[in-house]
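What follows is one structure encoded as structure tokens, with my remarks underneath.
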Amino acid sequence: MAGVSANVAITSPPYATQREYDPTSGFKPVPPDEYVKWFGAVAAGIESVLTPDGSYFLNIKAHADEGERNLYVMDLVLAHRRQWGWRFVDDSAGGKLTMACLAVGEIGLRNAWEPVFHFCRQQQISSVQRR
């Protein structure tokens, strides 16, 4: 960003190994058990451009394997707090443009939302959603 800082950063990173990506992109899907380690560089990059009172929003939802939700996203949220020192402000739901529908052969209802996790570096941030 050529020395410019951002007050808000939003990311919707690639999911762990669950989708096929265009091989010409050079991206190699990350296995769930390696995702936190891989994402450390992303979190550091965000921190390097975020203002001290800025906020960072992470939009990601884990996939289901063999009838249960994979836990790599929970591990990622905990790593932000416990390994990398981010403050975990809140979580919310980001809507999708699709309606919830039955997913044949998958867990119950397909969700029409994804979690959005809010992080910051210090207690005083420029905007906090109040309940």
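The values are calculated or read from the model by the stated rules, or taken from the named source; none is laboratory data. Just so it is clear, the structure is predicted and the values come from calculations on it, not from any experiment. Glycine gets a Cβ as well: all are built from the backbone with ideal geometry, and neighbour counts include every protein chain shown. Remember, those area values only see protein heavy atoms, side chains included, never the ligands or the DNA or RNA. Shrake-Rupley method; radii C 1.70, N 1.55, O 1.52, S 1.80 Å.
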> What tally of residues in the range 6-51 results from selecting those that are open to solvent by less than 70 Å² (accessible area, probe 1.4 Å) and in contact (Cβ under 8 Å) with a residue 40 or more places away in the chain?
Replying inline: 17
> If we only count strands (runs of 3 or more DSSP E) wholly inside the range 1-97, which ones have 2 or more residues that are hydroxyl-bearing (Ser, Thr, Tyr), modelled with pLDDT of 85 or more and at negative phi?
Replying inline: 50-59
>> Considering only residues that are hydrophobic (A, V, I, L, M, F, W, C), closer than 20 Å to Gln122 by Cβ and within 13 Å of the chain's Cα centre (by Cα), which ones fall in the range 43-76?
In response: Ala43, Ile46, Phe57, Leu58
